[in-house]
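In what follows, a single structure is set out as structure tokens and then discussed.
Nothing in this text is a laboratory measurement; each read-out follows from the coordinates by a stated rule. Being a predicted model, the structure only gives us computed values, none of them experimental.
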Amino acid sequence: MPIFLGYFIWGLILAAPLAWITWRFELLRWLPRWTAPRPRRAVRLPPQVQPLVIRGKRQRDGAGGRG
């Protein structure tokens, strides 16, 4: 356990300044774009699943029905 704590403390000691330097000098801009998070796309469902409830709201196409 003392060995783990020693490595953990040294990891924090080394990681904190490296993270600050990376943030301060904006070094992440030099990384490829595939490392950046991608925006989520809307899910397009097939017509067979139109009557399903999605995110708690019934999706309607405007043709009749209750409500």
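Structure notes:
- Alpha-carbon gyration tensor eigenvalues x 5, square-rooted, for the stretch 1-45, Å: 34, 19, 7
- For the pair Leu12 and Glu26, the difference between a 0.36 nm per residue extended length and the Cα-Cα distance amounts to 3.0 nm.
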